[in-house]
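Worksheet for the structure shown next.
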Amino acid sequence: MQAKTGKDKKRHMKTVTIAGPCQTVYEVHTNCGELLRSLRLQFGKYLLEGGNSSGLRIDAVKEGSLYRVGFGGEERETDRPLLEIDDIFFTHTRYDEKVFAAHGAALEWKGKAYLFLAATTSGKTTLAAYLVSRGLGYITDDCILIEREKRRVIPYCMPMHLRQGGLEVLRGRGFLRRELPYMEEGGNRRYAYMPENCAEQPLPLEKIFFITRTEGENSLLPMGVNEKTAELMRSPITEYAVTGEYIRFLSRLARETECFRLRYADLEFAAEVVENG
């Protein structure tokens with residue numbers, strides 16, 4: 001079979017735009033339909049057909065079994081293009097000054113936003129999917145955008161990405177029995193779940209939970225202002241300059257928001273904490 005020429009590759013290139021709220025826009029150029037499918041599962045409604053002249057350009061060209069991923073004048077050869085694109089996002093995404101971007105999940109209950117902050121692999125996504133299945137509204141599962149002035153949480157409703165273990169836990173409780181589409185790279189499979197009950201407007205921030213999954217402990221502990229401020233300083237999804245204004249914002253957020261350490265082995269215990277106020 002004759003190898004594709006440069007003109008062939010260009011003819012088969014497709015351009016999409018990734019435009020999440022309050023952040024850097026990216027324009028992705030690729031000749032791979034499977035990568036486009038994975039990007040749709042990853043970004044959902046924030047992946048738009050066509051280009052955006054103001055977006056930062058990412059090229060992901062498939063050549064045989066490998067991809068050449070180019071960004072900012074540099075190019076890498078990889079068999080994991082999604083991982084490379086994620087790395088570009090993590091390194092280069094900037095957020096509007098009007099928001100504070102934190103790593104965690106946010107859900108709606110009775111018209112207010114409840115935040116669940118934790119590190120990756122903490123069970124955050126499984127907990128969020130379980131709470132949504134019980135009737136809570138979905139705001140976000142990875143990047144929480146808090147308006148600095150009004151302390152409202154802006155919806156960022158990308159699909160949830162469940163690992164096999166989390167999906168099995170939910171199915172064991174009778175949820176998400178249907179087949180879910182998935183993305184897979186390097187043996188890492190993530191199932192895409194898009195809840196139906198998504199928030200559409202910014203919601204006032206009610207409470208913040210710093211969560212830890214345990215083997216047998218269920219507890220809810222209030223936090224003092226200094227403790228809350230210290231934890232909030234560890235929560236951003238991006239790097240912020242530690243200025244006086246930044247410290248004042250976090251201190252005000254800590255003073256004005258109820259925060260708790262939520263340790264849970266039982267998903268139902270965590271649900272009752274939210275539902276019972």
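Take residue 114 and decide whether it is among the hydroxyl-bearing types (Ser, Thr, Tyr), in a loop (DSSP other than H, G, I, E, B) and under 30 Å from residue 179 (Cα atoms). Write out each step before concluding.
On the way: among the hydroxyl-bearing types (Ser, Thr, Tyr): yes; in a loop (DSSP other than H, G, I, E, B): no; under 30 Å from residue 179 (Cα atoms): yes.
No, not satisfied.
Give me the residue from region 206-230 that is charged (D, E, K, R) and modelled with pLDDT under 95 and, out of that set, most open to solvent (accessible area, probe 1.4 Å).
Applying the filter and picking the extreme gives 215.
Mind checking which residues of region 189-198 are out of contact with any Phe, Trp or Tyr (no Cβ under 8 Å at 6 or more places or on another chain) and farther than 16 Å from residue 39 by Cβ?
193, 196
Given the options 80, 68, 134, 152, name the one that is surrounded by fewer than 22 Cβ atoms within 10 Å (Cβ to Cβ), without any contact (Cβ under 8 Å) to a residue 24 or more places away in the chain and more than 18 Å from residue 240 (Cβ to Cβ).
Values: 80 fails: without any contact (Cβ under 8 Å) to a residue 24 or more places away in the chain; 134 fails: without any contact (Cβ under 8 Å) to a residue 24 or more places away in the chain; 152 fails: without any contact (Cβ under 8 Å) to a residue 24 or more places away in the chain.
So the residue among 80, 68, 134, 152 that is surrounded by fewer than 22 Cβ atoms within 10 Å (Cβ to Cβ), without any contact (Cβ under 8 Å) to a residue 24 or more places away in the chain and more than 18 Å from residue 240 (Cβ to Cβ) is 68.
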Checklist entry - Restricting the search to region 14-29, which residues are more than 15 Å from residue 83 (Cβ to Cβ) and either part of a strand (DSSP E or B) or without any contact (Cβ under 8 Å) to a residue 24 or more places away in the chain (or both)? => result 14, 15, 16, 17, 18, 23, 26, 27, 29
Item to check | Residue ID - farthest from residue 127 (Cα to Cα), chosen from residues in region 63-111 that are touching an Asp or Glu at 6+ places or on another chain (Cβ under 7 Å) and not in a strand (DSSP E or B) | outcome: 65
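If you go through region 30-51, how many residues are open to solvent by 50 Å² or more (accessible area, probe 1.4 Å) and either part of a loop (DSSP other than H, G, I, E, B) or aromatic (Phe, Trp, Tyr) (or both)? Let's see the steps before the verdict.
As a first pass, look at region 30-51 and keep what is open to solvent by 50 Å² or more (accessible area, probe 1.4 Å): 33-34, 37, 40, 45, 48-49, 51.
Then keep just the ones that are either part of a loop (DSSP other than H, G, I, E, B) or aromatic (Phe, Trp, Tyr) (or both); that gives 51.
Result for region 30-51: 1.
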Next on the checklist: Given the condition surrounded by 16 or more Cβ atoms within 10 Å (Cβ to Cβ), touching a residue at least 60 places away in the same chain (Cβ under 8 Å) and either hydrophobic (A, V, I, L, M, F, W, C) or more than 30 Å from residue 80 (Cα to Cα) (or both), answer yes or no: does some residue in region 170-182 qualify?
Outcome noted: no
Item to check | Selection from region 184-196 of residues that are at pLDDT below 95 and either open to solvent by less than 30 Å² (accessible area, probe 1.4 Å) or not in a strand (DSSP E or B) (or both) | outcome: 186, 187, 196
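Against the condition surrounded by 20 or more Cβ atoms within 10 Å (Cβ to Cβ) and either within 13 Å of the chain's Cα centre (by Cα) or within 29 Å of residue 94 (Cα to Cα) (or both), how does residue 115 come out, does it pass? I'd like the intermediate steps shown before the answer.
Values: surrounded by 20 or more Cβ atoms within 10 Å (Cβ to Cβ): yes; either within 13 Å of the chain's Cα centre (by Cα) or within 29 Å of residue 94 (Cα to Cα) (or both): yes.
Spelling it out, residue 115 is indeed surrounded by 20 or more Cβ atoms within 10 Å (Cβ to Cβ) and either within 13 Å of the chain's Cα centre (by Cα) or within 29 Å of residue 94 (Cα to Cα) (or both).
The values are calculated or read from the model by the stated rules, or taken from the named source; none is laboratory data. Please read these numbers as outputs of a predicted model, since none were measured by experiment. Here the Cβ is made from the backbone with ideal geometry for all residues, glycine too, and neighbour counts use every protein chain on show. Side chains are part of the model used for accessible areas, which takes the heavy atoms of the whole protein and leaves out ligands, DNA and RNA. Shrake-Rupley method; radii C 1.70, N 1.55, O 1.52, S 1.80 Å.
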